[in-house]
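I have a structure I would like to understand better, so I am pasting it below and will then ask my questions one at a time.
A short reminder: the numbers here are calculations on the coordinates, not readings from a lab. Since we're looking at a predicted model, the values are computed, not measured. Cβ placement follows ideal geometry from the backbone for every residue including glycine, while neighbour counts extend to all protein chains displayed.
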Amino acid sequence: MEGETLLNRGGPPEVVAVKSLEVRVSDFENLRQRFSEVWDTRRLEKEIAIVRAAYKRKDKKVNPVDVALPGGVNPEGGAFAQEEVGAGGVSEHAGKTVPRGTRLTEERLEEMKIGGDFLTTEERALFVDILFEYEGAISFVDSEMGCLGEHIEPPIIAHTIPHAAWQQQNLRLPKATQEAATKIVKKNLASGVLEFSQGPYRSRYFVVPKSVPGEFRLINDVQPMNKVTIRDAGMPPSVDEFSETFAGFPIASSIDFYSSYNQIMLDRRSRDLTAFMSELGLVRSTRLPQGWTNSVACFQRVISKVLWRHIPHCARPFVDDVPFRGPKDRYGDVEVRPGVR
């Protein structure tokens with residue numbers, strides 16, 4: 001350090017006029033590493049925004065690999081497999097049955113918006129009766145959720161190129177957020193959505209707040225998995241094409257599949273690719289992973305197999321949202337039975 005010093009007659013310097021200053025950055029490196037381990041809220045939100053594809057700039061996205069699948073392998077199962085099951089003596093509306101009213105309780109029916117001012121009292125009652133007929137297919141909580149039948153499509157295989165396994169370090173989360181993440185992991189282990197792993201892969205994870213205050217969604221960062229995945233070029237319909245399908249139809253409704261990806265099993269051979277380190281240990285996903293580059297294409301294909309009878313004249317699936325449409329003509333609102341048009 002160069003400068004001029006004004007002395008206080010033998011005492012310590014009172015004033016130091018500095019002309020130049022030299023600092024060895026290496027002296028502060030250890031402190032920098034120490035204090036960068038725990039991120040503040042702004043830094044954590046910035047990192048989350050980078051990882052989440054919806055907020056990722058094009059030049060920052062991790063793209064899958066565009067190579068042909070070995071041997072031209074294709075998904076097993078099929079839409080017509082349901083016909084084979086039906087031919088074995090199963091009725092047309094076969095499915096899980098539950099005692100009437102166990103899922104469609106009075107409280108839940110009151111919360112459902114059925115018809116609004118459009119339906120008459122008799123029409124609403126008829127619609128509710130139809131819901132009761134298929135009550136086993138309706139879920140409100142995880143314990144009521146089922147999984148896709150393997151005759152439609154077996155567990156999904158994540159096809160990858162040859163690669164080395166990766167081990168990522170977790171983000172350091174605030175204590176309250178970490179406790180919320182561990183609670184979600186415990187819940188998913190109990191429901192079978194997660195299971196313990198002992199493989200060589202380890203990705204990081206984080207949580208993002210839901211619209212309900214105090215609730216969080218656990219996000220597994222599958223960017224390393226995306227980087228080695230062979231692309232599935234399937235895709236949902238374009239937004240314009242999708243919306244035009246329902247133009248001019250006075251009656252329409254929609255179905256939103258409950259926790260949709262969690263109803264699609266992931267093949268055991270691909271599960272280690274989704275592993276991450278939790279406070280309970282290394283765990284991996286047993287279901288179609290959120291954020292995986294091929295998840296949208298896989299789910300669109302699967303749900304098209306399920307609803308193939310109704311496409312396109314009645315239904316048009318768009319990933320996990322499936323609108324249904326009625327006829328264009330209202331037939332003058334003529335009643336086919338008292339109160340029912």
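With a/c under 1.5 counting as rounded, go ahead and sort region 226-268 into rounded, prolate or oblate using the C-alpha gyration tensor (a ≥ b ≥ c being the square roots of the eigenvalues; past the cut-off, prolate if a/b is larger than b/c, else oblate).
Cα axes put region 226-268 in the oblate bin.
Here is a further query. Find, among the trypsin sites (Lys or Arg not before Pro) in region 280-324, those assigned to loop by DSSP (not H, G, I, E, B) with at most 16 other beta-carbon atoms within 10 angstrom.
Hits after loop and neighbour filter: nothing returned.
Taking 0.36 nm per residue of separation and subtracting the Cα-Cα distance, what length does fully extending V340 through K328 add?
Net length gain for the segment: 2.6 nm.
Right, next: Given the C-alpha atoms of region 280-341, compute the convex hull and give its volume per residue in Å³.
Taking the convex hull of the Cα positions in region 280-341, it is 159 Å³ per residue.
Oh, and also: Quote the FRET efficiency, to the nearest 0.05, computed for M145 versus V62 with a Förster distance R0 of 51 Å and r equal to the Cβ-Cβ distance.
That gives a FRET efficiency of 0.95.
Can I ask one more? Let me make sure I get this right: for region 203-248, a, b and c are the square roots of the gyration tensor eigenvalues over alpha carbons, sorted descending. Under 1.5 in a/c it's rounded, otherwise prolate if a/b > b/c, else oblate. Which is it?
Since a/c reaches 1.5 but b/c is at least a/b, the shape of region 203-248 is classed as oblate.
What shape does region 143-189 have by the C-alpha gyration tensor, where a ≥ b ≥ c are the square roots of the eigenvalues, rounded means a/c under 1.5, and otherwise prolate means a/b greater than b/c and oblate the rest?
oblate
Test of understanding: express the Cα radius of gyration of region 194-274 as a ratio to 2.2 N^0.38 Å, with N the residue count.
Against the empirical 2.2 N^0.38 Å value, I get 1.55 for region 194-274.
What GluC sites (Glu not before Pro) does region 104-193 have in DSSP loop regions with at most 13 other beta carbons within 10 Å?
Listed in order of number, the matching sites are E150.
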